[in-house]
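First comes the structure, then the notes that go with it.
The values are calculated or read from the model by the stated rules, or taken from the named source; none is laboratory data. Source: prediction; values computed, not measured. Heads up, the Cβs are rebuilt from the backbone with ideal geometry, glycines too, and the neighbour counts pull from every protein chain shown.
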Amino acid sequence: MGTPRWARRFFEEVVMRHTGKRECLRWPYATNHKGYAQIGDWANSKRRSVLVGALICERLYGPAQPGHEHRHSCGKGHLACATPAHVSWSTHKTNMSDMKKHGTQPDTCGESNGRHKITERQANTIFKAKGLQREIAARYGIDRSQVGRIKQRKSWPHIHKGGRQ
């Protein structure tokens with residue numbers, strides 16, 4: 001790892017001059033906990049970390065519009081890609097769609113969600129259960145509205161497609 005000065009120099013002299021379109025240019029300095037390239041920046045006498053992809057976008061396209069974030073068309077932002085041709089501003093929805101297409105979207109469905117209160121097997125049983133929703137909910141220690149969402153296929157939708165997708 002280098003000092004912030006070396007990282008800034010690499011950003012200016014290598015990243016911003018990089019003309020490659022296909023291969024990813026890997027950021028050799030700091031990354032965040034998800035693997036995205038970051039660089040130290042001084043603003044108002046306070047050091048802060050800035051994502052390199054966002055900094056590239058600001059340089060190439062100007063500030064982000066409200067509701068926009070930087071995206072990596074290569075799907076390798078989490079591997080510290082710093083290729084200017086691979087980043088652009090987009091909406092969160094488009095970015096999430098790209099992540100799904102690239103297979104890099106975190107799995108937060110069903111039991112993979114850290115906030116789940118029931119298992120996949122229980123959700124399937126609830127879906128098939130007959131009776132009042134409040135009684136079913138009491139049996140599983142969940143809210144009646146959650147039973148309704150399971151039965152309407154709004155919650156735990158993957159159980160209706162023959163298991164995980």
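Residue 139 falls short of the stated requirement of being basic (Lys, Arg) and not assigned by TED's automatic domain parsing to the domain that holds residue 155. Going through (1) farther than 16 Å from residue 54 by Cα; (2) at pLDDT below 95 one by one, residue 28 falls short only on (2). Within the stretch 88-109, being under 15 Å from residue 34 (Cα atoms), without any contact (Cβ under 8 Å) to a residue 24 or more places away in the chain and polar (S, T, N, Q) holds for one residue alone: 105. Number of residues in the stretch 54-79 that are among the small types (Gly, Ala, Ser) and more than 14 Å from the chain's Cα centre (by Cα) equals 4.
Residues are listed down the side, and each one gets a yes or a no for (1) within 30 Å of residue 146 (Cβ to Cβ); (2) in contact (Cβ under 8 Å) with a residue 60 or more places away in the chain; (3) not assigned by TED's automatic domain parsing to the domain that holds residue 148:
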site	(1), (2), (3)
49	no, no, yes
71	no, no, yes
86	no, yes, yes
120	yes, no, no
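So that you can scan it fast, the table gives a plain yes or no per residue for (1) out of contact with any Pro (no Cβ under 8 Å at 6 or more places or on another chain); (2) modelled with pLDDT of 90 or more:
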position	(1), (2)
15	no, yes
20	yes, yes
45	yes, no
50	yes, yes
66	yes, yes
76	yes, yes
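The single condition from (1) out of contact with any Lys or Arg (no Cβ under 6 Å at 6 or more places or on another chain); (2) surrounded by fewer than 18 Cβ atoms within 10 Å (Cβ to Cβ); (3) not aliphatic (A, V, I, L, M) that residue 36 fails is (2). For the stretch 121-159, the tally of residues that are of a type outside the set (A, V, I, L, M, F, W, C), under 32 Å from the mean Cα position of the chain (by Cα) and outside any loop (DSSP other than H, G, I, E, B) stands at 13. Which members of the stretch 65-86 meet the condition of being within 22 Å of residue 17 (Cβ to Cβ) and part of a loop (DSSP other than H, G, I, E, B)? Matches in the stretch 65-86: 73, 74, 76, 80, 82, 83. Only one of the numbered conditions (1) surrounded by fewer than 16 Cβ atoms within 10 Å (Cβ to Cβ); (2) touching a Gly at 6+ places or on another chain (Cβ under 6 Å); (3) modelled with pLDDT of 90 or more is violated by residue 102, and that is (3).
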